[in-house]
Amino acid sequence: MSEERNIIVVQDACILFDLVDLDLLKVFFQLELTVLTTPQVITEITDEDQQSAISIHLQNGELKVDEGGSYESISELFDEFPGLSFADCSVLELALRKNAVVLSSDGGLRKISRRKKCEVHGTLWIIQELHDFGIIGKATAIEKLKMYASINLRAPKKIIAQMITALSRDTEP
């Protein structure tokens, strides 16, 4: 991609885990988004393989940790939405503060983010974007969709099936 998209996204831990598990984290950064997360999300990454995969992108600056959120602001959201974790509230606070898109596959965070008027996308959107921008081909997109349905028990299987059908009908040049 040659022109900057100027889209700021805030990732929660679920999305980071999905991207690592699907082996899409490296290519995700080719979407040329400004990718942020919070210190609270980083502390949720306890698996060594996931830490290792994610730390590469922290070190090279593709994934930035925004530490500008105040404890008080995050705590207010935590009190307002008791179903969300403190880390989820840190993601929401950052998205609100930066007018950013929330990237999450967590149902509660997605629902509350929409209620707070944030744009929200998940793993399926990322796979679609990777395909639409020519970063991954049709076969890889279909493979990753199938893999996602098998590794994430909460993945929307009906939507995944519809996406696979639509991709299967597409003909690539």
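The values are calculated or read from the model by the stated rules, or taken from the named source; none is laboratory data. Here the structure is a predicted model, which means the values were calculated and not measured. The area values use the complete protein model at the heavy-atom level, side chains included, leaving out ligands, DNA and RNA. Shrake-Rupley method; radii C 1.70, N 1.55, O 1.52, S 1.80 Å.
Key figures
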read-out: Candidate set: region 59-71, residues that are closer than 18 Å to I8 by Cα and in a loop (DSSP other than H, G, I, E, B); chosen: the one modelled with the lowest pLDDT; value: G69
read-out: Count of region 142-173 residues which are open to solvent by 70 Å² or more (accessible area, probe 1.4 Å) and part of a loop (DSSP other than H, G, I, E, B); value: 6
read-out: Only listed residue being open to solvent by 80 Å² or more (accessible area, probe 1.4 Å) and either assigned to a helix (DSSP H, G or I) or not hydroxyl-bearing (S, T, Y) (or both), chosen from I45, I15, I56, I74; value: I56
read-out: Residue in region 19-36 that is acidic (D, E), open to solvent by 30 Å² or more (accessible area, probe 1.4 Å) and assigned to a helix (DSSP H, G or I) present; value: yes
read-out: Residues being among the small types (G, A, S) and open to solvent by less than 20 Å² (accessible area, probe 1.4 Å) - total across region 89-130; value: 6
